[in-house]
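Since every read-out is calculated from the coordinates, none of them should be taken as a lab result. Predicted, not measured: the structure shown is a model, and the values here were computed from it. Here Cβ is always computed from backbone atoms with ideal geometry, including for glycine, and neighbour counts include all displayed protein chains.
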Amino acid sequence: MSQPKVGIIMGSNSDLPVMQAAADILKHFEIPYEIDIVSAHRTPEKMFEYAKNAHLRGLQVIIAGAGGAAHLPGMVASLTPLPVIGVPVKSSNSIDGWDSLLSIVQMPNGVPVATVAVNASQNAGILAAQIIASPNIDALNKISEYKNMLKEKVMTASSEILKKEG
């Protein structure tokens, strides 16, 4: 892959099964990404360096997944000029992911973090693609095709249900 445009980071290796969906959808859209473990609590120096230098390395969006107290997305957002998308992860130390969701979504004014549903890293990947695609017509067309594919799935399912009921 060429120069990464999206950084996918997570607090621990246990978050990878959830965060992999963001990588998979970015791969589908042919948007280069990088993926790493960057813990706000266990490797704060690494987090500071990653967040402060991400835009200098060519990244355009950061997707940050975290469970429990979920400080990673907000701390990264406080250090970078890039848009940050937070993915609350339902982890072994969370309250069904609600603590993570509230931690990420309740950011103070001036430090926004776009937040998706618990474990919804695919939506984070799609949102990152939409952000990058806004000035890129090829990527924008791929996103339109993807949304049309989703529409067709629903329409097919709808017609199948109607056939059964008819």
TODO: Filter the range 33-54 for residues that are surrounded by 14 or more Cβ atoms within 10 Å (Cβ to Cβ) and not in a strand (DSSP E or B) and give the result.
DONE: V38, S39, A40, H41, T43, K46, M47, F48, Y50, A51, A54
Open item on the list: Looking at the structure I just gave you, is S39 out of contact with any Pro (no Cβ under 7 Å at 6 or more places or on another chain), at negative phi and touching a residue at least 40 places away in the same chain (Cβ under 8 Å)?
Closed with: no
- [ ] Filter the range 79-105 for residues that are of a type in the set (V, I, T) and surrounded by fewer than 18 Cβ atoms within 10 Å (Cβ to Cβ) and give the result.
- [x] I95, V105
TODO: Scan the range 44-56 residue by residue and report those that are touching a helix residue (DSSP H, G or I) at 6+ places or on another chain (Cβ under 9 Å) and not small (G, A, S).
DONE: P44, M47, F48, Y50, K52
